[in-house]
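Only one structure is covered here, and it is reproduced in the block below.
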Amino acid sequence: MRHGYAGRKLKRTASHKRALMANMATSLFEHKRLVTTLAKAKELRPFAEQLITRARNAHRSEKAGTITGVDVHNRRMVGRFIKNKGVLQELFDTIAPLVAERDGGYTRITKLGLRRGDASETAMIELVDWSNPQDGRSSSARRRPAAKGPAKPKPSFTPKVAAPVAAAVVAEEVVEETPVV
């Protein structure tokens with residue numbers, strides 16, 4: 001029995017799962033959204049939010065002046081998982097100031113339906129402050145194409161009957177055979 005084991009195993013070893021979460025978090029911070037399976041998205045959400053919280057706390061302490069320069073400790077703690085230096089810089093310089101006033105809930109999971117190949121549930125996880133703003137209309141209303149004018153009447157179909165083709169008379173030449181002596 002698995003009593004007391006929190007989280008999903010995702011059919012991976014602990015090190016493989018840690019690497020998967022680090023790679024998915026890097027892609028999430030780089031592209032601001034990520035399409036994956038629902039189970040992976042649910043597992044990624046707390047992992048990514050902890051990294052964003054560390055970046056936000058570093059931003060707050062740097063802004064308040066409690067630390068001279070940059071918060072090296074939090075940058076190194078997040079750098080354990082985010083190996084791409086450009087993405088790490090973007091997390092601390094762009095994402096953290098934007099979510100400085102938000103207390104948690106930095107990501108949103110939207111269910112997308114079933115995947116065609118194996119029918120697994122897919123979901124999109126995105127950063128809340130980078131998603132398209134909702135203007136009161138549902139997302140399906142925005143995607144619906146504009147209504148077209150009245151339909152043109154289709155011409156009625158009348159099949160044309162071709163004239164019967166007269167059978168051609170084939171005349172064969174009659175060749176008489178004479179025995180060779």
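Residues checked against (1) more than 23 Å from LEU20 (Cβ to Cβ); (2) exposed (fewer than 11 other Cβ atoms within 10 Å of the Cβ):
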| position | (1), (2) |
| --- | --- |
| ALA55 | no, no |
| SER61 | yes, no |
| GLY65 | yes, yes |
| LYS83 | no, no |
| LEU91 | no, no |
| GLU121 | no, no |
| TRP130 | no, no |
Of the residues in the stretch 112-130, those that are within 17 Å of GLU43 (Cβ to Cβ), in contact with a Leu (Cβ under 6 Å, 6 or more places away or on another chain) and of a type in the set (Asp, Glu) come to GLU121
For the stretch 19-41, indicate whether the set of residues that are in contact with a Phe, Trp or Tyr (Cβ under 7 Å, 6 or more places away or on another chain), within 30 Å of ARG115 (Cα to Cα), among the β-branched types (Val, Ile, Thr) and modelled with pLDDT of 95 or more is non-empty. no
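Does any residue of the stretch 107-124 turn out to be closer than 30 Å to LYS63 by Cα and either of a type in the set (A, V, I, L, M, F, W, C) or at pLDDT below 95 (or both)? Break it down into steps so the answer makes sense when it comes.
Our first condition is that a residue be closer than 30 Å to LYS63 by Cα; within the stretch 107-124, this holds for 107-108.
Narrowing further to those that are either of a type in the set (A, V, I, L, M, F, W, C) or at pLDDT below 95 (or both): none.
No, every residue in the stretch 107-124 fails to be closer than 30 Å to LYS63 by Cα and either of a type in the set (A, V, I, L, M, F, W, C) or at pLDDT below 95 (or both).
Name the helices (runs of 4 or more DSSP H) wholly inside the stretch 1-117 in which the number of residues that are in contact (Cβ under 8 Å) with a residue 24 or more places away in the chain is 2 or more.
Filter on the stretch 1-117 gives 14-31, 38-64, 85-90.
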Those residues of the stretch 86-131 which are farther than 19 Å from GLN50 by Cβ and touching a Gly at 6+ places or on another chain (Cβ under 8 Å) amount to GLU121, THR122
Selection from the stretch 106-119 of residues surrounded by 11 or more Cβ atoms within 10 Å (Cβ to Cβ) and either within 16 Å of SER27 (Cβ to Cβ) or not β-branched (Val, Ile, Thr) (or both) yields TYR106, THR107, ARG108, ILE109, LYS111, LEU112, LEU114, ARG115
The number of residues in the stretch 42-69 that are at pLDDT below 95 and closer than 19 Å to ARG115 by Cα is 0
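The values are calculated or read from the model by the stated rules, or taken from the named source; none is laboratory data. Computed from a predicted model, the values in this text were never measured in an experiment. Every residue, glycine among them, receives a Cβ derived from its backbone with ideal geometry; neighbour counts consider all protein chains shown.
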